[in-house]
Amino acid sequence: MRAYKTLLQDVYDNGRTRADRTGTGTRSVFGRQIEFDLTAGFPLLTLKSTPLRAVAAELVWFLEGSTTTRRLNELGSTIWDRWAVAAPTTRQVELTVEERCELLVNHLGISKLITSATVDGNWALENPELFDQYNIPSTKTVTLNQVGDLGPIYGVQWRGWVGVSNEQLEITDQIQAVIQSLRTNPWSRRHLVSAWNVADLPDELNTPQENVLNGKQALAPCHVMFQFYVEEMTLLERIAHFNRDPDNVGIRMGVNADTVTADQMDLLDRLLVPTMSLSCQVYMRSVDVPVGLPFNIASYALLTQLMANECGMSLGRLVMSLGDAHIYHDQIPMVEDMLTRTPNPSPRLHLHTSTNITNHTVADIVAGLSGYDPHPHLRIPVSV
């Protein structure tokens, strides 16, 4: 994670003071990129402890397509609670004539006397006094939002993007579409998922809760989109993948391709050692470097590993491309502490092979982490 510390130092040294949505103020730089070799370890920050359980809970939540904190809380995380709707909201809407007729029939118990064919708009217009006589309501209460709703944020955009095609609403599961594309057309340049749905973006002048009540996202997506990239593995890369796999403990191949025998080549193929690797590039329009970025790095490293597992690929690289990278002014003392620390070696994350990305539970993911040795936890403020 030396690349992360270098970026943190860059923002600390070179960031310019800027106002921001929260009113806290930031030191900000624009247009930075950091990269991680996912074969060298799982990029979970060691300059301070980063909770993999919270990372895994949020990612599982996204992949389920959920956008309510009730489900995220069940998975063991409360990180989105501060932006969610705190109380249910309702609205009165006019009942249709047919709905009022149905209420009247149910109230009088006269369904045998008046057939459903005659209880329609015309019948109602001919007998309007019955609605008032029996106090049949003209409106009904509709629940717009439940406690914990966040609007159409990442989960909806990833798993149920709503668009229009040939004047018809069309819902697209972007994650499943990319998985299918990786399997059938790995060299495509369209393995891309976007969360930036202009129709759902919130109004910056409103609170997150007000935006949700208006049918918008609580917060505009910070990690806007990501793209996967497939490369053919060399023989040495396949051998390295075999040697890294903890399931192959006690069996090691030489790393010199010239010494590999035909039997060893056959073994690689019979054990289904991947022939392709998967890399991911993420674009973040805005990133809180001390708090948000370590979380996002781990999240997309985990997503890449899940996707690679499902598609029978090895791991490649993770590239984080950053727009506005910033440190909030009230985070500076903790950043100064982090900059005195030396990164420890990255841990490893071993996940069981699965043909379905949603089969992995939070507990499975956390149990697969080994060798994590972070510096002591730092309580860093989060600006809302």
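Read the figures in this text as sums done on the coordinates, not as results from a lab. Fair warning: this is a prediction, and the values are worked out from it, not measured in the lab. Neighbour counts run over all protein chains shown; Cβ positions are idealised from the backbone, glycine included.
General observations
- The distance linking segment 346-384 with segment 29-44 is 16 Å (Cα centroid to Cα centroid, whole angstrom).
- Dipole magnitude (debye, nearest 20) for the chain, charges at Cβ of Lys, Arg, Asp, Glu: 1060 debye
- Segment 281-326 and segment 147-162 have Cα centres spaced 20 Å apart.
- Applying 1/(1 + (r/R0)^6) with R0 = 22 Å to the Cβ-Cβ distance of N356 and L272 gives a FRET efficiency near 0.80.
- With both labels modelled 7 Å from their Cα along Cα-to-Cβ, the E64 to H107 distance reads 4.1 nm.
- When the chymotrypsin sites (Phe, Trp or Tyr not before Pro) in segment 295-384 are filtered for DSSP coil states and for at most 14 other beta-carbon atoms within 10 Å of their beta-carbon, no site remains.
- In this simple spin-label model, placing a label point 7 Å from the Cα along the Cα-to-Cβ direction at both T184 and R379 gives a separation of 5.3 nm.
- Where [x] -0.48, -0.60, -0.85, -0.99; [y] -0.34, -0.44, -0.86, -1.11; [z] -0.29, -0.39, -0.93, -1.24 are the candidate values, the label of the one calculated here for log10 I(q)/I(0) by the Debye sum over Cα atoms at q = 0.06, 0.07, 0.11, 0.13 Å⁻¹ is [y].
- Counted charge near L378, where neighbours are those whose Cβ lies closer than 10 Å (Asp, Glu -1; Lys, Arg +1): +2
- Distance between the modelled labels on E231 and D364, one decimal in nanometres: 2.8 nm (7 Å Cα→Cβ projection).
- Of the peptides 23-30, 93-100, 274-281, the order by per-residue mean of other Cβ atoms within 10 Å, starting with the highest, comes out as 274-281, 23-30, 93-100.
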